[in-house]
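Report on one structure; see the data block that follows.
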């Protein structure tokens, strides 16, 4: 029996439509956050993302007067979550997949 190679022009298009894409910017724009928070989101792979909620850190507690003008890190991560995100139409379905349990984000 001989093997045949069949080329179908639709095959690459179908694969491209199923390929995951980075939704980080859309997640940051739509995810809940406090007014003083900034959210960063990184695509890990597939539907997995890591999001961090950053907020200003009070630097008045530092007791080293030489460090006051040199302190660079003024924002700290308040919370960090692993999210499973899928897009259905224009809606994002966001699920918390962090190790502490599954919750809606």
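Among the residues of segment 1-55, which ones are modelled with pLDDT under 90 and not in a loop (DSSP other than H, G, I, E, B)?
Scanning segment 1-55 gives 10, 11, 12, 13, 14, 15, 16, 17, 18.
Condition first: modelled with pLDDT of 90 or more and not in a strand (DSSP E or B). Now tell me which residues in segment 56-89 satisfy that.
Residue satisfying the conditions is 89 alone.
The values are calculated or read from the model by the stated rules, or taken from the named source; none is laboratory data. Owing to the predicted nature of the structure, the values given are computational and were not obtained by experimental measurement.
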